[in-house]
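S.K.: First the structure, then my questions, so here it is.
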Ligand code: F6P
C-alpha cells in the first residue's frame, strides 16, 4: 500500500444521480483506512480556484439518497491548458493531496490522465446518465435516468390514450442511444430511433398506421438526442403521413435529477470503494469499470481508445500504431458492444409488433 495520507475527490461534467453515493463510499472507504479525503468543488475548476475542504464521515451522512452532487459540477475549459493544470496541481500539493478520484465521463477521464501524467495519481469512476463509457457495462446515473424517462412516458401514455395521439419523446444520451433504447422497450414504444443504427422512417410510419388500424389509440416513439431537431420534424411528418395527431416532448434535464435508484446507489458504492482500494494500492490513470458482475479497472488510455474506436473517432494512423494483438482485441470488444446494442434494438421492434 502506498503511503497515502490524504486523497481528493471531485465530480465533473454533467451531474448524474448516484454521484453522491460514490462520494460517500470514497470518503468512508478512505477513512476506514485512516486516509483523509478532501472534497474538491466544481470539478476541475475547484482545483484551479482552490475551492476544496476536508470531508468528515458526517459530511457524507444522508446523501446516498440525494440526486445531484454535493461537490457540484462544472465543465472547465481552463483545465485544458498547461497553465490551468499546473495551478490545479499546485493547489493539490498545497492541500497535501496524494491522489485523486474523479467521477464523471469522457472529459473527466481526459483530465484524470493529465493529472496522472503530471505525477498526481488519479483514478476515474464513470458517472454519466448516458452510459457511454464503452469500456464499462455501466456508468452511474443510467438507471435513475431511465426510470425517470419511463415514469414520464407512462404519464404521456395516459394522455395519448385519452386523445388517441402519438407522442414523440426525445431523450438524452448525447450521441448514445442507450437511454432511448432501454426506456423505449420498458415503456412499450412503437418505435425507437437512435444514432447508432439507421432509422427506417417509412416502416415506422407504416407500423403506426397498422397499429391505428388495429385499434391502438396511444403510441410512443422514443428518439435519442444528438441529431438536431430531427425528433421535432419527425413528429410533424408522422402527423402528416399517418393522419394521427402527434405531439413532441423533449424531456431534457429532468433526466439528470432525482433520488438515485438502488442500482445507482449500489454500483456507485462498489465503484467508489474500488477506486479508493486501487488508488491506495498504487494504481494511477485507470478507470473503474463494471464488466458482468465484476468491478474491474482499465488503463484510461486503453479505455479511451476503445471508446474512440467504437465511436469511429480513431484516425487511420492511430489504428496503425496499435499492435496487431491489441487491435484485434479492441475490435472484438467494440463488436461485442455493437452486438449488444443491435440485440436490444431488434428486441424493441420485435415486441412493438
Ligand atoms: O452527458 C450527460 C448529458 O446530460 C447528455 O445526455 C446531454 O447531451 C448533455 O449532458 C447536456 O449537457 P448540459 O448539462 O451542458 O446541457
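S.K.: Let me have the 222 nm mean residue ellipticity of the chain computed from DSSP H runs of 4+ only, each contributing -39500 (n - 2.57), with the sum over all residues rounded to the nearest 500. Mind dumping the intermediate values first?
M.R.: Values: 12 runs with 165 residues, N = 353.
Here the helix-only value at 222 nm equals -15000 deg cm²/dmol.
S.K.: Just check region 137-204 against the gyration tensor rule for me: Cα atoms, a ≥ b ≥ c as the square roots of the eigenvalues, rounded for a/c under 1.5, and otherwise prolate or oblate depending on whether a/b exceeds b/c.
M.R.: oblate
S.K.: Can you tell me which of 210-217, 262-269 comes out highest on packing, and rank the rest after it, using the mean Cβ neighbours within 10 Å?
M.R.: The peptides rank, most packed first, as 262-269, 210-217.
S.K.: Hey, any idea what Rg/Rh is for region 1-73, computing Rh the Kirkwood way over Cα pairs?
M.R.: On the Cα set of region 1-73, Rg over Rh gives 0.96.
S.K.: Out of the DSSP beta bridges found with both residues in region 190-319, what percent are antiparallel (nearest 5)?
M.R.: That works out to approximately 65 percent antiparallel.
S.K.: Follow-up question, since we're still on this one. Which whole-number percent gives the relative contact order of the chain, counting Cα pairs below 8 Å spaced six or more residues apart?
M.R.: With pairs under 8 Å counted, the relative contact order is 22 percent.
S.K.: Could you compute the FRET efficiency for residue 311 and residue 51, with r as their C-beta to C-beta distance and R0 at 41 Å, rounded to 0.05?
M.R.: Efficiency computed from Cβ-Cβ geometry: 0.80.
S.K.: Still on this structure, please answer the following. Expressed as a whole number of Å, what is the distance separating the alpha-carbon centroids of region 275-325 and region 46-66?
M.R.: 28
S.K.: Please report, in Å, the Rg and the Dmax of the chain, where both are computed over Cα atoms only.
M.R.: Answer for the chain, Rg first and Dmax second: 21.9, 70 Å.
S.K.: Nearest 10 degrees, 0 to 90: what angle lies between the long axis of helix 300-310 and the longest principal axis of the chain (Cα atoms)?
M.R.: Approximately 20 degrees, to the nearest ten.
S.K.: Turning to a different aspect of this structure: Per the Kirkwood formula on distinct C-alpha pairs, the Rh of region 1-137 is how many angstrom?
M.R.: Across region 1-137, the inverse of the average 1/r is 14.6 Å.
S.K.: Taking every alpha carbon pair in region 164-258, what does the distance histogram look like in 5 angstrom bins from 0, in percent?
M.R.: Taking every Cα pair in region 164-258, the percentages come to 3, 14, 27, 27, 17, 8, 3, 1.
S.K.: Any chance you could run the full-extension gain for residue 331 through residue 227? It's 0.36 nm times the residue separation minus the Cα-Cα distance, nm to one decimal.
M.R.: Difference between extended and current length: 34.8 nm.
S.K.: A further question on this structure: Working from Cα positions, state the angle (0 to 90°, nearest 10) between the long axis of helix 262-280 and the longest principal axis of the chain.
M.R.: The angle comes out at about 30 degrees.
S.K.: Roughly what % antiparallel, to the nearest 5, for the DSSP beta bridges in region 1-118?
M.R.: Working: 4 of 14 bridges.
Taking every DSSP beta bridge within region 1-118, about 30 percent pair in antiparallel fashion.
S.K.: Normalising by the residue count of region 1-126, find the relative contact order in percent from Cα pairs under 8 Å and 6+ residues apart.
M.R.: Worked out over region 1-126, it gives 33 percent.
S.K.: With everything on Cα atoms, drop me the angle between helix 19-32 and the longest principal axis of the chain, reported from 0 to 90° to the nearest 10.
M.R.: 30
S.K.: Please list 91-98, 315-322 highest first by mean number of surrounding beta-carbon atoms within 10 Å per residue.
M.R.: Descending packing order for the listed peptides: 91-98, 315-322.
S.K.: When only alpha-carbon atoms are used, what values of Rg and Dmax, in angstrom, describe region 301-353?
M.R.: Using the Cα atoms of region 301-353, the pair Rg, Dmax is 14.1, 46 Å.
S.K.: For the chain, what proportion of DSSP beta bridges, expressed in % and rounded to the nearest 5, is antiparallel?
M.R.: Rounded to the nearest five, the antiparallel share is 25 percent.
S.K.: Given a cut-off of under 8 Å on Cα pairs at least six residues apart, what relative contact order in percent is computed for region 62-175?
M.R.: On the way: 97 pairs, mean separation 17.4, N = 114.
Dividing the mean separation by the residue count of region 62-175 yields 15 percent.
S.K.: Moving on. Whole number please: convex hull volume per residue, Cα atoms of region 83-233, in Å³.
M.R.: 134
S.K.: Same structure, new question: Between region 212-227 and region 115-171, what is the separation of their alpha carbon centroids in Å?
M.R.: 20
Values quoted throughout were computed directly from the atomic coordinates according to the rules given, and no laboratory measurement underlies them. It should be emphasised that the depicted structure is a prediction, and the values quoted were computed from it without experimental measurement. Cβ: placed from backbone, ideal geometry, glycine included. Neighbour counts: every protein chain shown.
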